[in-house]
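Asks: Once you've had a glance at the structure underneath, I'll fire off some questions.
The values are calculated or read from the model by the stated rules, or taken from the named source; none is laboratory data. These numbers come from a predicted model, not from an experiment. We place every Cβ from the backbone using ideal geometry, glycine too, and count neighbours over all the protein chains shown.
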Amino acid sequence: MTALRLAYWPGCVSRGFTPELHGSMALVAERLGIELVTLDRANCCGAGVIAEHNQELADTLNARTFALAQSTGLPMMNICSTCQGAQSECQQRLDADSAYRTHINEALAEEGLEYAKDKEGFENKNFLWVLVEDYGLDELKTKVRRPLSGLRVGPFYGCYVIRPRSRIGYDEHPERDLYLERVIEALGGDVVEYDGARKCCGFPVITMNRDTSLRQAGTHVGDALDAGADCLVTPCPLCHLNLDMQQPEAAKVTGRELGLAVLHLPQLVGLALGYEPKQLGMGKHIASTEWVEGRLADAVPA
Amino acid sequence: MPEYTLKVRRYQPETGEGPYWQEFKVDLDPDLSVLDGLLQVRDRTDGTLVVRCSCRAAICGSCGMKVNGESTLGCKTQISEAHERANRRDGGANPIVVEPMANMPVIKDLVTDMESTHWAKIRRVTPWLLPEGEPPEREYVVPPESMIDITQSMACIQCGACVSSCLSMEVDPGFIGPAALAKAYRFVGDPRDSQATERLYDLAQDPHGIYDCTHCFSCVDACPKDVAPMDQIMRLRRLAGHDHEIDDVNNGRRHETAFVKIIEKKGTLDESLLLQESYAQGIKGKLIPRAGALKGLVGSIPTAIRGLRTGKMRSLPKLIPGVHHELPGDAQGHVKRLYSHAEEHRTQLNLYITGEEELEPEPDEEKIEPEADEEGEG
């Protein structure tokens, strides 16, 4: 296969409260042979919050990011379900109306930028989608040095890469809401079925309704534990904040003991590629990852 | 005629037994619906199966149910598609799973009691027009374009599918919920209504109101009439927070304005500043903190300490609000100017109304000109 070169938007949280995500993505890209050209001038996607304040502002900010990516001539990749969702929503509006696009591009012109609809070769995809659709699971399997044999992994998607149906690209890629399961299997792990895989982590209301938010997080972690999961894996750092960083608080709200490792998608891939947990920043997590590390050591050493 | 298997969650309270699953085989044209399958079961196999339906054409909203875990109308879900979805993962011969709607009590089999979690909440938002002054002698006259904005929420058929799918209501039954909030927007946006401000105050100041929505899009997918209830909730937030400057009990507006300002100043998110400003905004907010602010900030301390311990938050920008870097070079200045441009216009493109522009015809495609209307001439 031809080497993948991608314009890379890491997002805010992967360089903020989940630095281990950005770090592990860099390692994984290197071993997979994916070249990432970081969009270091790009801005926050607005996470749906800016759109709530002023829809045009959110559309303009994301048009700027797309234009920066388009100026590299490369397809764009993000590592955050929320970025994917917020950006896809804006892109849908930008693509739907040429007069509106012209209006937004007038604002971008000062910086010498322009967002073009249907520009050849341009797409904005989450790492999960890139991995399955562009890199390919067969290719991924050839890179596995430490199959995750016997590791029971619960998928946790994050709303924004699977809903709303009309915007996620299911026409062309009808199985996007099954990719995490496919990746877990490709890496040699076992998929754990549990109720929360496609539900909401609760993060968007953590400062607005803490009880609702933590009850959601705690319920999903508890369900996964009950189903026998060794860990969860998620392509969304905001889900990670609620499922991992807030897990002790979620345990208090739901009134049960939790304690389940939550891995970022690049970390799970990285383990299978032979990286050590520490290299992947797993020591930075709040919920201990020792159990996962023990399970892997028992299975096949790297 | 192909055969399909329906696995139905059944419940008959009069037996004193709990709910149970029962499988039925049906012979059905693949173009027919899951509801048609259930009606065939009732007619041919088991006359005790209870399902509510009327029009069978996605108009009346009676047959809300869950098919393969997704809230929908039984009559709008093709049985062959439901069969395919049930077997997507393993390509096996899994049955189509049919359950009553969630987030509401089950009366019998597939029939739910919509009173407490749907109709009571609809009544909660005062779902009628509150015009000012004496009514006109004849009908109210408004410019048609002023009503377009609320046509989407008017399309609701009260089926309850969005309520059934709501992931916030699942953990907080007090949440007003997607159907009722979409209905609320229908009156807030109505040019004849005189109580928009009062309505917005009411919805923003209810701790289970507009800021209790977790933005999960479940209701958008569930709605059979494209009402997109979540989009209507976001419109209510835009009006309450920005246009009416309502500082709500849930910190929704503070969180939103803090977020928007941070990106203007820094380009990417300063999480610690967001947390601080969401609870105690500006100098005034810190000098005279609100009752909930201290609780919120103190509540986040254990999480911060844990983050410090593991190294997740062991850096100055993550600990001290405001230390976060700006975008490099002149990029931050450009972002600021984008703000001025967008704040000046505040365009709200509504694709439900405008639709998506049709693709331009391919250059080599033969263009069909309409025939000249000769009769019209002269």
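Rundown of residues vs (1) part of a loop (DSSP other than H, G, I, E, B); (2) farther than 29 Å from A:R176 by Cβ, yes/no style:
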position: A:T207; (1), (2): yes, yes
position: A:D211; (1), (2): no, yes
position: A:L214; (1), (2): no, no
position: A:T219; (1), (2): no, no
position: A:D223; (1), (2): no, no
position: A:A229; (1), (2): yes, no
position: A:H240; (1), (2): no, no
position: A:L271; (1), (2): no, no
position: A:L296; (1), (2): no, no
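Asks: Residue by residue through segment B:328-340, note down the ones that are under 34 Å from the mean Cα position of the chain (by Cα), facing chain A (nearest Cβ under 8 Å) and touching a residue at least 24 places away in the same chain (Cβ under 8 Å). Spell out the reasoning first.
Replies: Going residue by residue through segment B:328-340, those that are under 34 Å from the mean Cα position of the chain (by Cα) are B:332, B:334-340.
After this cut, where a residue has to be facing chain A (nearest Cβ under 8 Å) as well, the list is B:334-335, B:337-339.
Within segment B:328-340, B:V335, B:Y339 meet the criteria.
Asks: How many residues, within segment A:11-39, are closer than 30 Å to B:G252 by Cα and either part of a helix (DSSP H, G or I) or in contact with a Leu (Cβ under 8 Å, 6 or more places away or on another chain) (or both)? I'd like the intermediate steps shown before the answer.
Replies: In the first step, residues of segment A:11-39 are kept if they are closer than 30 Å to B:G252 by Cα; the result is A:11-22.
Now drop any that are not either part of a helix (DSSP H, G or I) or in contact with a Leu (Cβ under 8 Å, 6 or more places away or on another chain) (or both), which leaves A:12-22.
Within segment A:11-39, residues that are closer than 30 Å to B:G252 by Cα and either part of a helix (DSSP H, G or I) or in contact with a Leu (Cβ under 8 Å, 6 or more places away or on another chain) (or both) number 11.
Asks: I'd like to verify a number: residues in segment B:273-310 that are over 14 Å from B:D248 (Cα atoms), assigned to a helix (DSSP H, G or I) and among the polar types (S, T, N, Q), how many?
Replies: Count: 3.
Yes/no per residue for (1) farther than 21 Å from A:L21 by Cα; (2) touching a Ser or Thr at 6+ places or on another chain (Cβ under 9 Å); (3) hydrophobic (A, V, I, L, M, F, W, C):
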{"residue": "A:H103", "(1), (2), (3)": "yes, yes, no"}
{"residue": "A:G121", "(1), (2), (3)": "yes, no, no"}
{"residue": "A:F127", "(1), (2), (3)": "no, no, yes"}
{"residue": "A:Y135", "(1), (2), (3)": "no, no, no"}
{"residue": "A:L140", "(1), (2), (3)": "no, no, yes"}
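Asks: Next up: List every residue pair whose Cβ atoms lie under 9 Å apart, where the two residues are 6 or more positions apart in sequence or sit on different chains, the first residue falls within segment B:142-154 and is over 13 Å from B:F187 (Cα atoms), and the second residue, located anywhere, is part of a loop (DSSP other than H, G, I, E, B).
Replies: B:V142/B:D190; B:V142/B:P191; B:V142/B:R192; B:P143/B:P191
Asks: I need the full set of residues from segment B:163-190 which are closer than 30 Å to B:G133 by Cα and not in a helix (DSSP H, G or I), in order please.
Replies: At the first step, the residues of segment B:163-190 found to be closer than 30 Å to B:G133 by Cα are B:176, B:179-190.
Within segment B:163-190, B:I176, B:G189, B:D190 meet the criteria.
Asks: Of all residues in segment B:171-192, which are in contact with a Lys or Arg (Cβ under 8 Å, 6 or more places away or on another chain) and in contact (Cβ under 8 Å) with a residue 40 or more places away in the chain? Spell out how you get there, then give the answer.
Replies: First, the residues of segment B:171-192 that are in contact with a Lys or Arg (Cβ under 8 Å, 6 or more places away or on another chain): B:171-172, B:176-177, B:179-180, B:184-185, B:187-189.
Correct list: B:D172, B:I176, B:G177, B:A179, B:A180, B:A184, B:Y185, B:F187, B:V188, B:G189.
Asks: On to the next question. If the requirement is being out of contact with any Ser or Thr (no Cβ under 8 Å at 6 or more places or on another chain), facing chain A (nearest Cβ under 10 Å) and not hydroxyl-bearing (S, T, Y), which of these qualifies: B:D206, B:D193, B:D226?
Replies: Values: B:D206 fails: facing chain A (nearest Cβ under 10 Å); B:D193 fails: facing chain A (nearest Cβ under 10 Å).
Only one candidate qualifies: B:D226.
Asks: Out of everything in segment A:103-128 that is touching a helix residue (DSSP H, G or I) at 6+ places or on another chain (Cβ under 7 Å) and small (G, A, S), what residue ends up being nearest to the other protein chains (Cβ to nearest Cβ)?
Replies: A:A107
Asks: A further question on this structure: Here are the criteria: (1) part of a helix (DSSP H, G or I); (2) under 26 Å from A:G48 (Cα atoms); (3) of a type outside the set (K, R); (4) more than 14 Å from chain B (Cβ to nearest Cβ). Tell me which single one A:Y160 does not satisfy.
Replies: Just one mismatch for A:Y160, condition (4).
Asks: Inside segment A:2-28, can you point out the residues that are among the small types (G, A, S), more than 10 Å from every other protein chain (Cβ to nearest Cβ) and crowded, with 20+ Cβ neighbours inside 10 Å? Walk me through how you get there before you give the answer.
Replies: Narrowing segment A:2-28 to residues among the small types (G, A, S): A:3, A:7, A:11, A:14, A:16, A:23-24, A:26.
Those left that are additionally more than 10 Å from every other protein chain (Cβ to nearest Cβ): A:3, A:7, A:14, A:23-24, A:26.
Those that are among the small types (G, A, S), more than 10 Å from every other protein chain (Cβ to nearest Cβ) and crowded, with 20+ Cβ neighbours inside 10 Å: A:A7, A:S14, A:G23, A:S24.
Asks: Is it fair to say A:V191 is at pLDDT 95 or above and either touching a Phe, Trp or Tyr at 6+ places or on another chain (Cβ under 8 Å) or at the interface with chain B (Cβ under 10 Å from one of its Cβ atoms) (or both)? Reasoning before the result, please.
Replies: On the way: at pLDDT 95 or above: yes; either touching a Phe, Trp or Tyr at 6+ places or on another chain (Cβ under 8 Å) or at the interface with chain B (Cβ under 10 Å from one of its Cβ atoms) (or both): yes.
When the stated conditions are applied, A:V191 passes them.
Asks: Still on this structure, please answer the following. Working carefully through the options A:L131, A:L148, find the one that is assigned to a loop (DSSP other than H, G, I, E, B), away from chain B (no Cβ under 12 Å), surrounded by 20 or more Cβ atoms within 10 Å (Cβ to Cβ) and not aromatic (F, W, Y).
Replies: Values: A:L131 fails: assigned to a loop (DSSP other than H, G, I, E, B).
The unique qualifying residue is A:L148.
This table checks each residue for (1) under 17 Å from A:V144 (Cα atoms); (2) surrounded by fewer than 24 Cβ atoms within 10 Å (Cβ to Cβ); (3) within 11 Å of chain B (Cβ to nearest Cβ).
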site	(1), (2), (3)
A:N242	no, no, yes
A:M245	no, no, yes
A:V269	yes, no, no
A:A272	yes, no, no
A:Y275	yes, yes, no
A:K284	no, yes, yes
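Asks: Can you tell me which residues in segment B:284-326 are of a type in the set (S, T, Y) and closer than 26 Å to A:K252 by Cα?
Replies: Initially, segment B:284-326 is screened for residues of a type in the set (S, T, Y), giving B:300, B:303, B:310, B:315.
B:S300, B:T303, B:T310 - these are the residues of segment B:284-326 that are of a type in the set (S, T, Y) and closer than 26 Å to A:K252 by Cα.
Asks: On to the next question. Looking at segment A:247-267, which of the residues that are within 11 Å of chain B (Cβ to nearest Cβ) and of a type in the set (V, I, T) is nearest to A:G188 (Cα to Cα)? Show your work before the answer.
Replies: Here is the first cut: in segment A:247-267, the ones within 11 Å of chain B (Cβ to nearest Cβ) are A:247-250, A:252-254.
Subsequent filtering for residues that are of a type in the set (V, I, T) retains A:253-254.
On the way: A:V253: 35, A:T254: 32 Å.
Once the filter is applied, the top-ranked residue is A:T254.
Asks: Which ones in segment B:191-227 are closer than 11 Å to A:P164 by Cβ and assigned to a helix (DSSP H, G or I)?
Replies: Hits for segment B:191-227 are B:S218, B:C219, B:V220, B:D221, B:A222.
Asks: Could you tell me which numbered condition B:L319 fails, if it satisfies all but one of (1) over 34 Å from the mean Cα position of the chain (by Cα); (2) touching a residue at least 24 places away in the same chain (Cβ under 8 Å); (3) facing chain A (nearest Cβ under 8 Å)?
Replies: Status for B:L319: all satisfied but (3).
Asks: Which of the residues that make up segment A:71-106 are hydrophobic (A, V, I, L, M, F, W, C) and either part of a helix (DSSP H, G or I) or in contact with a strand residue (DSSP E or B) (Cβ under 6 Å, 6 or more places away or on another chain) (or both)? Give the derivation first.
Replies: Here is the first cut: in segment A:71-106, the ones hydrophobic (A, V, I, L, M, F, W, C) are A:74, A:76-77, A:79-80, A:83, A:86, A:90, A:94, A:96, A:99, A:104.
A:L74, A:M76, A:M77, A:C83, A:A86, A:C90, A:L94, A:A96, A:A99, A:I104 - these are the residues of segment A:71-106 that are hydrophobic (A, V, I, L, M, F, W, C) and either part of a helix (DSSP H, G or I) or in contact with a strand residue (DSSP E or B) (Cβ under 6 Å, 6 or more places away or on another chain) (or both).
Asks: Another question, if that's okay. Taking segment A:87-102, which residues are within 11 Å of chain B (Cβ to nearest Cβ) and touching a Cys at 6+ places or on another chain (Cβ under 9 Å)?
Replies: Matches in segment A:87-102: A:C90 only.
Asks: Could you list, in sequence order, all residues of segment B:261-273 that are closer than 22 Å to B:R238 by Cβ and buried (at least 22 other Cβ atoms within 10 Å of the Cβ)?
Replies: B:I262, B:I263, B:L269 - these are the residues of segment B:261-273 that are closer than 22 Å to B:R238 by Cβ and buried (at least 22 other Cβ atoms within 10 Å of the Cβ).
Asks: Please enumerate the residues belonging to segment A:39-86 that are more than 10 Å from chain B (Cβ to nearest Cβ), closer than 24 Å to A:V233 by Cα and out of contact with any Gly (no Cβ under 7 Å at 6 or more places or on another chain).
Replies: A:M76, A:M77, A:Q84
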